[in-house]
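Read through the structure below, which is laid out as C-alpha cells, and then see the notes.
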Amino acid sequence: MAAPIRVAVVDDHRMILSGLANWIRTASDEIDVVAELATWPELLTHPEFPVDVVLLDLDLKDNIPVAVKIAALKATGVRVVLMSTYSEPNVVREALAAGALGYLVKSEDAEMIVEAIRAAAQGESFVSAELDLAINAADIGGAPKLSAQERRVMALYGGGEPVKSVAFQLGISEETAKSYLKRIREKYRVAGIDVGTKVALRRRAIQDGILIQDSPNGNF
C-alpha cells in the first residue's frame, strides 16, 4: 500500500483547527494529519516538518504575505492547499499564481477537503466550486475550467458509466462522485450551458474534447 499523505493543518482558530483535523482523520485512512498548528513559526519548527501537504488558513493575522509562505513551502517540496472563509476573486488568483495547488472555502464537506489534499499530493490543482465560479465569473459563455478529476468523472459518466462504476474506477466514494457531477453541472450552468441530463452532459463532453465520440471511456 502507498504511504499515507502526511498533512499539517494550520489555522489560528483553535476550535476550527481541532475540528478540521479530526474531520479529515475520520474521512480518510490515506491521510495522516501529523500536526495541528495555530501559527506559521510553529509549522516551520515542528519535528514532522516538512510534510507532504499543508492545509493553510489564508489569513493567520501575522502580517506575513501568503505568497511568501507559499514560496517558502514550495522551496522545501511541500504542496499547499489554502482555505478561507471568503472568496474575493483577486485574492484567490494571487494565491494560485503564487503556487498554491488548492483553494477551499471552510464550508466544504470533509470529502471535498480530502479530494483537495489528494489532488495536491499528486501535483494537481483543486479549487472549491464556489471559488472557481467567483474567479471565472467573467468567462460566462465559454467552457468552464474543470480540474483533472472533474474531467475524468465527466468522461466516464458521459461515456455511459453509472455513478457507482465511476466511483469504483476512480477510487472515490459514490457520494464524492455525485459531488463532482454536481460541481461540473454548476460550473456549466454558470457559464450558461445546460448539462442537466446525462445526454446533454455527454454531448458537451464530446464538444469540449473531454470525451472522444464512440469511445466508451473517453479521453483523459
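Report yes if residue 150 is of a type in the set (Asp, Glu), open to solvent by less than 20 Å² (accessible area, probe 1.4 Å) and modelled with pLDDT under 90, otherwise no.
When the stated conditions are applied, residue 150 passes them.
Out of curiosity, is residue 16 open to solvent by less than 10 Å² (accessible area, probe 1.4 Å) and either part of a strand (DSSP E or B) or modelled with pLDDT under 90 (or both)?
For residue 16, the condition - open to solvent by less than 10 Å² (accessible area, probe 1.4 Å) and either part of a strand (DSSP E or B) or modelled with pLDDT under 90 (or both) - is not met.
Filter region 43-63 down to the residues that are part of a helix (DSSP H, G or I) and over 20 Å from residue 100 (Cα atoms) and list them by number.
Residue satisfying the conditions is 45 alone.
What is the residue count in region 67-123 for residues that are open to solvent by 30 Å² or more (accessible area, probe 1.4 Å), within 21 Å of residue 51 (Cβ to Cβ) and polar (S, T, N, Q)?
Of the residues in that region, 2 qualify.
Tell me the residue from 57, 62, 11, 29 that is loosely packed, with under 14 Cβ neighbours inside 10 Å and farther than 22 Å from residue 149 by Cα, please.
Just one listed residue meets the conditions, 62.
The values are calculated or read from the model by the stated rules, or taken from the named source; none is laboratory data. Being a predicted model, the structure only gives us computed values, none of them experimental. Note: ideal-geometry Cβ built from the backbone for every residue, glycine included; neighbour counts use all protein chains shown. Ligands, DNA and RNA are excluded from the accessible area calculation, which covers all protein heavy atoms including side chains. Shrake-Rupley method; radii C 1.70, N 1.55, O 1.52, S 1.80 Å.
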